[in-house]
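Peer 1: The structure under discussion is supplied below as structure tokens; questions concerning it will follow.
The values are calculated or read from the model by the stated rules, or taken from the named source; none is laboratory data. Values in this document were obtained by computation on a predicted structure and should not be read as measured data. Positions of Cβ are generated from backbone atoms using ideal geometry, with glycine treated the same way; all protein chains shown enter the neighbour counts.
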Amino acid sequence: MSDAPADPALRAAYRLCRRRTKSEDPAEYALIQLVPAPLRPALHALWAAANALDDLGDDRTAPAAERAARVEAWITALHRELPTGTSPDPIRHALVDTAARWRLDLSELRDAMAQVREDTDGRSFTDWAAWRTWGRDNLLPWFGQVRAILDRAGVPVALRLDTREAYEEFLDGVRLTDILTDLSADLAQGDLLLPEEALALHPGSADDLANRRWSPAVSALVTDLTGRARRWVAQETLTRGMHPGPATVLQTMAALLHAQLDAVEAAGPALLRARPRPALRTRVRILAPARTRAALAWSLTPLTLPPHHRSPDAPRQPAAPARPATARAFRRPPPHPSGERPPVIPPALLPAHVAVIMDGNGRWAQQRGLPRHAGHRAGAHAVREVVHGALEIGLAHLTLYTFSTENWHRDTEEVDAILGLLRDEVAEDPFRDLDVRMRWHGRAGRLPPDLADLLQLRERTTRGRTGLTLTMCIDYGGRDEITRTAAALARRVRAGHLDPDRITDEDFARHLPHPDMPDVDLLWRTGNEQRTSNFLPWHAAYAELHFTPGLWPDTDRHHLWEAVTAYTHRQRRHGTTNPDPLPR
């Protein structure tokens, strides 16, 4: 193995991961062979770890509760072993070494691993939306680790797709192809990992599949699903602007998936009895030119290879206490420097959603003779303070106007400084140990790819948190949001799914980019300006407005508490003659 570690046990662990990848998933092994040799052991370790967990969850010789306990024990052991850099289990040994060497944050795999445990009780999906959430929660974190390895290796173009939807739809195609390929094995275990929405289009197909019976309904269902998988896999923007090395891997992956779907369609009734495979000549036809293209692409790319984490004789760190992946304890926010305590506000009086226009960063810097970007950096500290204050009073939703569509018209140097600061803040992840779910609202196309990647990563890894939902509006404009929503409605009308004369407020709200975002109860602006500046016009239609003279960098958490306290004294009528006794 190229660039092999000195530790014989570690070398053996990596060899085991390589053998398992090659024997259990030849297509995945062939794709890994398209990356430079020094990167392959890490990818083998990731694949083998994911597969080892799946094997524990799928072992039907044990009851569901025992399988779930085995998966939980594997995950707990991994978290205990990560600080030590070693493990008695060879696959985990390779994984913890990979994490240490390539500086991977395996906590990002927490939810994906926990999902394997939950799957031991079986899965059912009412519609494609639920199915996509399940599939993406499982695949995206693992693919994110591969992208991180390429980034650490110094690949000039990060493994990123032009749009998040193209990326995620491609992975939907990967998942659906795998389900169709493994249909016989899943049915033998009593699993049918397809949404009821798809089965309902072909009456009788669910019963026929449960009884392993090939019928016209099953045939039509398979044709429908393979067509859907082909559409998801065939993403024209998939490799646009990407380094030719990763681009070759993804293009080859797409070609292999299409070949696998051909085999699924050609199998007919045999699909319910055995796993179909493309012909050898088909695989050779795809892989032979891909190897040549990949070798050329990587030969022109200098790689940065980190050293192995430690020698076999180096002292080990003491093991960290076991921490189950499914029971995370979040810390409390740090107290206010002055010791000031938050006000006690009854939950019924607390606004559900506070939106903030953080104005005054540039003026704050100019008053001190500093460049404008210094004001934005000071404003980042105020963001942390306000988030801490929101957590302390139990606020459910906090939305910050971080970078508007109009901000692109500012001086290039200032724009670059703002985006660089955002990148640094999101990468540092100052709320990692707090119960904060992070979301991003805005357009993706104009943001730097690495910033968009980081924002999407934080969304994925904090999706399961139930405390404060922090939404950062970056490259956001209210009119742009409404225009995009109107376009989505127009497409639905054109497709015959909506009557334009019967469109309601609820129809419009369902087509917003974030249809689950609640209405804004309190809209607060700092900086002594009294306008809403194209911020959340739909959601803030009935918001209480609160304007304060202080500049944003001078804002502290007690200013949030004052704004919320003032809100509790407002009388909200919403067009009626009698005020609401409580906020909505």
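Peer 1: Looking only at helices (runs of 4 or more DSSP H) that lie completely in region 142-231, which have at least 2 residues being over 19 Å from residue 268 (Cα atoms) and modelled with pLDDT of 90 or more? Give the derivation first.
Peer 2: Working: elements: 164-181, 183-188, 196-200, 205-210.
It comes to 164-181, 196-200.
Peer 1: Could you tell me which of the residues 274, 267, 259 is under 30 Å from residue 211 (Cβ atoms) and assigned to a loop (DSSP other than H, G, I, E, B)? Steps first, answer last, please.
Peer 2: Working: 267 fails: assigned to a loop (DSSP other than H, G, I, E, B); 259 fails: assigned to a loop (DSSP other than H, G, I, E, B).
Matching residue, one of 274, 267, 259: 274.
Peer 1: If only one of 289, 244 is under 28 Å from residue 166 (Cβ atoms) and surrounded by 14 or more Cβ atoms within 10 Å (Cβ to Cβ), which one is it? Working first, answer last.
Peer 2: Working: 289 fails: surrounded by 14 or more Cβ atoms within 10 Å (Cβ to Cβ).
Every option except 244 fails the conditions.
Peer 1: For region 476-509, what are the residues that are hydroxyl-bearing (Ser, Thr, Tyr) and either part of a helix (DSSP H, G or I) or touching a residue at least 12 places away in the same chain (Cβ under 8 Å) (or both)?
Peer 2: Of all residues in region 476-509, those hydroxyl-bearing (Ser, Thr, Tyr) come to 476, 483, 485, 504.
Across region 476-509, the qualifying residues are 476, 483, 485.
Peer 1: When residues of region 257-274 are filtered for being closer than 12 Å to residue 218 by Cα and in contact with a helix residue (DSSP H, G or I) (Cβ under 7 Å, 6 or more places away or on another chain), how many remain?
Peer 2: Count: 3.
Peer 1: For region 460-479, what are the residues that are at pLDDT 85 or above, closer than 22 Å to residue 352 by Cβ and not aromatic (Phe, Trp, Tyr)?
Peer 2: Within region 460-479, the subset at pLDDT 85 or above is 465-479.
This time we only want the ones that are closer than 22 Å to residue 352 by Cβ, so: 465-473, 476, 478.
Passing the criteria: 465, 466, 467, 468, 469, 470, 471, 472, 473, 478.
Peer 1: So, in region 215-232, of the ones that are crowded, with 18+ Cβ neighbours inside 10 Å and hydrophobic (A, V, I, L, M, F, W, C), which residue ends up nearest to residue 275 (Cα to Cα)?
Peer 2: Quick first cut of region 215-232, residues crowded, with 18+ Cβ neighbours inside 10 Å only: 217-218, 221-222, 225-226, 229-230, 232.
Subset that is hydrophobic (A, V, I, L, M, F, W, C): 217-218, 221-222, 225, 229, 232.
Details: 217: 20, 218: 16, 221: 17, 222: 14, 225: 16, 229: 17, 232: 22 Å.
Ranking the candidates gives 222 first.
Peer 1: Ok, one more. Would you kindly identify the helices (runs of 4 or more DSSP H) lying entirely within region 341-450 that contain at least 3 residues that are under 30 Å from residue 155 (Cβ atoms)?
Peer 2: Values: elements: 361-367, 372-393, 412-428.
Fully inside region 341-450 and qualifying: 372-393, 412-428.
Peer 1: Oh, and also: Evaluate the following for residue 455: is it in a helix (DSSP H, G or I) and modelled with pLDDT under 90?
Peer 2: Numbers: in a helix (DSSP H, G or I): yes; modelled with pLDDT under 90: yes.
So residue 455 passes the test.
Peer 1: Taking region 213-241, which residues are hydrophobic (A, V, I, L, M, F, W, C) and either under 24 Å from residue 166 (Cβ atoms) or in contact with a strand residue (DSSP E or B) (Cβ under 8 Å, 6 or more places away or on another chain) (or both)?
Peer 2: Restricting attention to region 213-241, the residues satisfying the condition of being hydrophobic (A, V, I, L, M, F, W, C) are 214, 217-218, 220-222, 225, 229, 232-234, 238.
Scanning region 213-241 gives 225, 229, 232, 233, 234, 238.
Peer 1: Now for a separate question. Tell me, please, whether a residue that is modelled with pLDDT of 95 or more and among the hydroxyl-bearing types (Ser, Thr, Tyr) can be found in region 508-530.
Peer 2: yes
Peer 1: Go through region 433-464 and count every residue that is without any contact (Cβ under 8 Å) to a residue 60 or more places away in the chain and at negative phi.
Peer 2: The qualifying residues number 14.
Peer 1: Can you work out which of the residues in region 177-191 that are free of Cβ contacts under 8 Å to residues at least 40 places away in the same chain and among the hydrophobic types (A, V, I, L, M, F, W, C) is surrounded by the most Cβ atoms within 10 Å (Cβ to Cβ)? Spell out the reasoning first.
Peer 2: Within region 177-191, the first condition is being free of Cβ contacts under 8 Å to residues at least 40 places away in the same chain, and the residues that meet it are 178-179, 186, 188.
Checking the rest, the ones that are also among the hydrophobic types (A, V, I, L, M, F, W, C) come to 179, 188.
Working: 179: 18, 188: 13.
The extreme case among them is 179.
Peer 1: Kindly check whether there is at least one residue in region 541-562 that is among the aliphatic types (A, V, I, L, M), free of Cβ contacts under 8 Å to residues at least 12 places away in the same chain and surrounded by fewer than 21 Cβ atoms within 10 Å (Cβ to Cβ).
Peer 2: Going residue by residue through region 541-562, those that are among the aliphatic types (A, V, I, L, M) are 541, 543, 545, 551, 560.
Still in the list and also free of Cβ contacts under 8 Å to residues at least 12 places away in the same chain: none.
No, because not a single residue in region 541-562 is among the aliphatic types (A, V, I, L, M), free of Cβ contacts under 8 Å to residues at least 12 places away in the same chain and surrounded by fewer than 21 Cβ atoms within 10 Å (Cβ to Cβ).
Peer 1: Here are some conditions: (1) crowded, with 19+ Cβ neighbours inside 10 Å; (2) at pLDDT 80 or above; (3) outside the structural domain of residue 21 (by TED's automatic domain parsing). Residue 82 meets all but one. Which one does it not meet?
Peer 2: (3)
Peer 1: Do we find that residue 401 is of a type in the set (Phe, Trp, Tyr), surrounded by 21 or more Cβ atoms within 10 Å (Cβ to Cβ), closer than 19 Å to residue 512 by Cβ and touching a Gly at 6+ places or on another chain (Cβ under 8 Å) in this structure? Reasoning before the result, please.
Peer 2: Details: of a type in the set (Phe, Trp, Tyr): yes; surrounded by 21 or more Cβ atoms within 10 Å (Cβ to Cβ): yes; closer than 19 Å to residue 512 by Cβ: yes; touching a Gly at 6+ places or on another chain (Cβ under 8 Å): no.
Considered against the rule, which asks whether it is of a type in the set (Phe, Trp, Tyr), surrounded by 21 or more Cβ atoms within 10 Å (Cβ to Cβ), closer than 19 Å to residue 512 by Cβ and touching a Gly at 6+ places or on another chain (Cβ under 8 Å), residue 401 comes out as no.
Peer 1: Right, here's the next one. How many residues does region 422-441 hold that are within 10 Å of residue 475 (Cβ to Cβ) and touching a Gly at 6+ places or on another chain (Cβ under 8 Å)?
Peer 2: Step one: filter region 422-441 for residues within 10 Å of residue 475 (Cβ to Cβ), giving 440-441.
Checking which are touching a Gly at 6+ places or on another chain (Cβ under 8 Å) leaves us with none.
Qualifying residue count for the region: 0.
Peer 1: Another one. Conditions: (1) of a type in the set (A, V, I, L, M); (2) within 22 Å of residue 432 (Cβ to Cβ); (3) touching a residue at least 60 places away in the same chain (Cβ under 8 Å). Residue 95 meets all but one. Number of the miss?
Peer 2: With (1) of a type in the set (A, V, I, L, M); (2) within 22 Å of residue 432 (Cβ to Cβ); (3) touching a residue at least 60 places away in the same chain (Cβ under 8 Å) applied to residue 95, the lone miss is (3).
Peer 1: Starting from residues that are crowded, with 23+ Cβ neighbours inside 10 Å and either over 26 Å from residue 296 (Cβ atoms) or among the β-branched types (Val, Ile, Thr) (or both), keep the ones in region 37-51 and report whichever is nearest to the chain's Cα centre (by Cα).
Peer 2: 49
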